[in-house]
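The values are calculated or read from the model by the stated rules, or taken from the named source; none is laboratory data. Model, not experiment: these values are computed from the prediction. Cβ placement follows ideal geometry from the backbone for every residue including glycine, while neighbour counts extend to all protein chains displayed. Heads up: the accessible areas ignore ligands, DNA and RNA and are worked out on the full protein's heavy atoms, side chains in. Shrake-Rupley method; radii C 1.70, N 1.55, O 1.52, S 1.80 Å.
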Amino acid sequence: MPIFSIFSQTPIAQNPESNQATPSLNQRPSYQQIFQGQLRLSLWVSLFLTLFLIFFFSKAPAPLDFRQWSYVLSCVSYYWLPILTLPLLLFPLIWLGFLRYILVIILWALTILFLVDAFVFNYYAYHLEPTVIRIIFIDFKGLGLPGSLTALIFAGFFIWLAAIFFFYRRLEKKTLRKGLTKTYTAIFFLSLFLFSWNCLVNIWANWYAREEIILYGAYLPLYRSITSHRLAPTIPIIAPNLFPPVKGSAIDFGPSKSNDFVNYPLAKPQLDLHDDQERPNVLLIVLESFQAASMTSEITPNLFELSQTSSNFNKHISSGSATVPGLFGLLYGVHPTLYDTIKYMPLSYPSALTEALNQAGYEIRVFSSSNLERYQFRSMVFSHVEEKKYYSGTDSMITNAFINTIDPKSRPRFDFVFFFSSHYPYYYPKNFTKFEPTPNYEGGFILNRLTDPKPPLNAYHNSLYYSDSLVGKIFQALKTKSLFDKTWIIVTGDHAEEFNENGLGFWGHGSNFGRWQTSPPMIVKRPYQTQKIDYSNLSLHQDLAPTLLEEILNCQTPASLYSDGQNLFKLPPTRPTIISSYFDTAYVKDDIVIEKLRMKRYNWFNLKPLTKASDEESWLKSMMEMERRFTSPKNKN
């Protein structure tokens, strides 16, 4: 028996002039009527929010073919499906008196969120987020809203709540309709079908960087594309005509759209290149989860030896406590929050660094044991890399591939080498078990957050010891070919790794923005450099791109027009930065960390909680303005 019909035996008042069931004026609606009222409300709210979706889509380029139109229509299901599911999830509450109004509160909040988000998006070209909400509540005058207008807005919110409440009460008292169950079921399964189609198109479009599809996600609030690197290659096999296995291309938005959403870079880097100028090779080596404190002569002897004749940036902060924001800031030179916009248009807004290297005639190659196809990263940064110059496999395999393809006679090269062994569960061959004891089983810290950190830390150090041996092989091969001294060598990590150093139960990465998760080494060796130089000023992942552009390509464009970083060799005494993780972002200034989502405040060095500073709201607003430099419209009316 369907869930919608289980109340068929519920006694209800009868209208003497008809056979239809209706409640008396003072009688509480039956449980069946309450449930149908909730179904009706969810349907009406779904239709209401569709009006907002039409508004958001009106800001995007118009669909041109079946795939685009079907995808745009299927995006509606992304919102309809959870709204239509809510009455089923909250079904037990209809027996609990006023608790049945939880549905009304949730749907009211959702409509308010869409309303405010539409306002923010229309004027500022980005979607609502926790920090914006906080400033609206705490410092509304700073947004240009007078107190009287703000009071009217909040009064309007509560009037809207009363209106929805009154509307729902009317829906509860409506005559029972057998046809409502069929209508609701049909719309529910239609939404389910459309959502399945949305997932299918998303998986294919994200894998093949089809911007004509995925760009629409940037215009929608609370939207996250469904991806799967395992399923994506099989979709063209099943439907090759509808989903061809062909990479997409950059979208020409036209003059009417080009400046409305993304303004990266603000100016294309202008390079002062001379044909007779010899350009050095560049080797960028990234070790997964590389903790700065673990770069020692015992754990990483080859890298430690390199550091003795290199520039060492001793207070370095990654752009992320996870891989994607860490690599994004490193190779784009901008704060990681821009990734959430550019990932929808990866080919239209590629990295200014790799674009400049390509313009300068560099041969760009990639050696990665991590899958960069995911999250649009390969399309964003390495779209110019030919398939034959993109090497994947284990760390040992990509090391051999690099060594076997060294060519002293080639044009200048930019090589990106990404080792993955030092990612949990920390891989290393048995003969690299230098540090003991190691864990008897994986994941012991999950069950006991305060467990002895020594065994997992030893396993981590063994994996770094192994990765360092591979780096040593690369260095030796370069020396054999007389290329080591002629090459810019940069070594860092995508982020760091924590082993409960602060005694607070934090492990791994992605769970906070403190020193142990966000501070990898940053070693830069210029060609023919023989002296060790230590820098104590704060350096960032975002600094690498402007450094290479200025020092190697003689870029004449101010770094601020294409980057949030600065030249590593011209660092200011202090400055703020932005770090992202899997789901949250933090503002960091003077070793104070403020998380945007959880609004936690703590010290970057030791995670000790901090109280709110007197000037916090003002510098939060300045950080938000800095964060949006490449997304806010250039010309605001």
Next item on the list: Determine, from the Cβ-Cβ distance of Leu73 and Ile102 and an R0 of 41 Å, the FRET efficiency 1/(1 + (r/R0)^6), rounded to the nearest 0.05.
Entry: 0.85
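Give, in nm to one decimal, the length gained when the segment between Leu64 and Met599 is fully stretched (0.36 nm per residue of separation minus the Cα-Cα distance).
188.4 nm
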Margin query: Please list log₁₀ I(q)/I(0) at q = 0.09, 0.14, 0.16, 0.21 Å⁻¹ for the stretch 197-336, using the Debye equation with identical point scatterers on the alpha-carbon positions.
Written below: -0.52, -1.01, -1.10, -1.32
Item checked: Within the chain, percent of DSSP bridges classed antiparallel, to nearest 5 -> 45
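So for the stretch 412-544, considering every pair of alpha-carbon atoms, how many percent are separated by more than 21 Å?
Values: 4601 of 8778 pairs.
Taking all Cα-Cα pairs of the stretch 412-544, the fraction more than 21 Å apart is 52 percent.
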Item checked: Estimated distance in nm for a label pair at Lys612 and Tyr123, the labels positioned 7 Å out from Cα along Cα-to-Cβ -> 2.3
Margin query: Could you check the spin-label model distance between Asn431 and Ala162? Points 7 Å from the Cα along Cα→Cβ, value in nm.
Written below: 8.0
Checklist line | Ranked packing of 462-471, 534-543, most packed first, by mean Cβ within 10 Å | finding: 462-471, 534-543
Check: In terms of the ratio Rg/(2.2 N^0.38 Å) built on C-alpha atoms, what value belongs to the chain?
Finding: 1.10
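For the chain, what does the accessible surface come to per residue with a 1.4 Å probe? Please give it in Å².
In whole numbers, the chain has 45 Å² accessible per residue.
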Next item on the list: Any chance you could run the full-extension gain for Lys570 through Ala401? It's 0.36 nm times the residue separation minus the Cα-Cα distance, nm to one decimal.
Entry: 57.3 nm
Note to self: Can you compute the helix-only [θ] at 222 nm over the chain? Use -39500 (n - 2.57) per DSSP H run of at least 4 residues, normalise by all residues, nearest 500 deg cm²/dmol.
What the structure shows: -12000 deg cm²/dmol
Notebook entry, point to check: Which number comes out as Rg/Rh for the stretch 162-203 once both Rg and the Kirkwood Rh are worked out on C-alpha atoms?
Noted result: 1.24
Margin query: Using a 1.4 Å probe on the protein heavy atoms only, what accessible surface does Val588 show? Give it in Å² to the nearest 10.
Written below: 10
Checklist line | Candidate lysines - alpha carbon under 28 Å from Lys612, same-chain residues fewer than 8 apart omitted | finding: Lys141, Lys315, Lys589, Lys596, Lys600, Lys621
Item checked: Share of carbon and sulfur in the accessible heavy-atom surface of the chain [1.4 Å probe, %] -> 59
Checklist line | the chain: angle of helix 395-404 to the longest principal axis, Cα-based, in degrees nearest 10 | finding: 50
Note to self: Give me the percent relative contact order of the chain, please, defined on Cα pairs under 8 angstrom at least 6 residues apart.
What the structure shows: 18
Next item on the list: Order these peptides, 440-453, 572-585, by their mean beta-carbon neighbour count within 10 angstrom, highest first.
Entry: 572-585, 440-453
Check: Once both labels are modelled 7 Å past Cα along the beta-carbon direction, what's the Lys182-Leu115 spacing in nm?
Finding: 3.6
Check: Given Cα pairs under 8 Å that are at least 6 residues apart, what percent is the relative contact order of the stretch 510-594?
Finding: 29
Notebook entry, point to check: So what are the three principal axis dimensions of the stretch 326-441 from its Cα atoms, in whole Å, longest to shortest?
Noted result: 49, 40, 20
Note to self: Whole-Hz ³J(HN,Hα) for each residue in the stretch 74-90, computed from phi via Karplus 6.51 cos²θ - 1.76 cosθ + 1.60 with θ = phi - 60°, x for glycine and proline: what do you get?
What the structure shows: 6, 4, 4, 5, 4, 9, 4, 4, x, 5, 6, 7, 3, x, 6, 5, 8
Notebook entry, point to check: In terms of Cα to Cα distance under 30 Å, which lysines are near enough to Lys173, apart from those fewer than 8 places away along the same chain?
Noted result: Lys182
Check: ³J(HN,Hα) across the stretch 504-511 via Karplus (A = 6.51, B = -1.76, C = 1.60, θ = phi - 60°), whole Hz, x for Gly/Pro?
Finding: 10, x, 9, 9, x, 8, x, 10
Next item on the list: With an 8 Å cut-off on Cα pairs and a minimum separation of 6 or more residues, tell me the relative contact order of the stretch 155-299 in percent.
Entry: 17
Note to self: What's the ranking of 415-428, 86-99, 549-562 by average number of surrounding C-beta atoms within 10 Å, highest first?
What the structure shows: 415-428, 549-562, 86-99
Note to self: Please list, by residue number, everything in the stretch 410-447 whose backbone N is under 13 Å from a paramagnetic label point 7 Å out along Cα→Cβ of Lys486.
What the structure shows: 410-413
